[in-house]
Amino acid sequence: MIIRKWTAPIPIHKREEYINYIMQTGFAEYNTTKDNQGAFLTLEERGDKLYVTTLTFWESVDPITCFAGENYQLTKYYKRDDEFLLEMPKYVEHQEMIYGSSREIRVNI
């Protein structure tokens, strides 16, 4: 399994608006991409910024390319991202999951 990780800061006051936006864009697409095994959104407040991280789980690199394109190492952005993001990293991280244990973690907003 491959974990795809992306992190970028937003202004703290845009928290709720951004959560709604990312649920309608990235998370809606994750949920409809074949072989996506799940996705999580985390938030971390640092000073006057809120760092948003998405973690997505994939069976292999092939479905990631279906989602992100042939150069799957590049970050995939959506139409209104520049209204929220204070930085727009060019690349995402990919890591191979070697071991994991869960009791079906589910967190819903």
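Values quoted throughout were computed directly from the atomic coordinates according to the rules given, and no laboratory measurement underlies them. Worth saying up front: this structure is predicted, and the values here are computed from it rather than measured. FYI the Cβ positions are ideal-geometry reconstructions off the backbone, even for glycines, and counts take in every protein chain you see.
Some observations on this one:
- Over all directions, the projected convex hull of the C-alpha atoms in the chain averages 7.1 nm² in area.
- Under the combined filter of DSSP loop state and at most 12 neighbouring Cβ atoms within 10 Å, region 18-49 retains these trypsin sites (Lys or Arg not before Pro): Lys34.
- Total lysine pairs under 18 Å (Cα atoms) in region 2-96, excluding pairs fewer than 8 apart on one chain: 7
- Here the label points at Met97 and Gln37, each 7 Å from Cα along the C-beta direction, are separated by 0.4 nm in the simple model.
- Inter-probe distance in nm under a simple model that places probes 7 Å from Cα toward Cβ, at His13 and Tyr77: 2.3
- Once you reduce region 59-79 and region 1-45 to the center of their Cα atoms, the two points are 14 Å from each other.
- Among Ile64, Ile98, Ile19, residue whose mean-square fluctuation peaks in a GNM of the chain (springs only between Cα atoms under 10 Å): Ile98
- Surrounding net charge for Pro63, when Lys and Arg each add one and Asp and Glu each subtract one, Cβ distance under 15 Å: -3
- In percent, rounded to a whole number, the relative contact order of the chain is 40, using alpha-carbon pairs under 8 Å and six or more apart.
- Angle in degrees between helix 15-24 and the longest Cα principal axis of the chain, rounded to the nearest 10: 40
- In the elastic network of the chain, a GNM with C-alpha springs shorter than 10 Å, the most mobile of Gln73, Gln24, Gln37 is Gln24.
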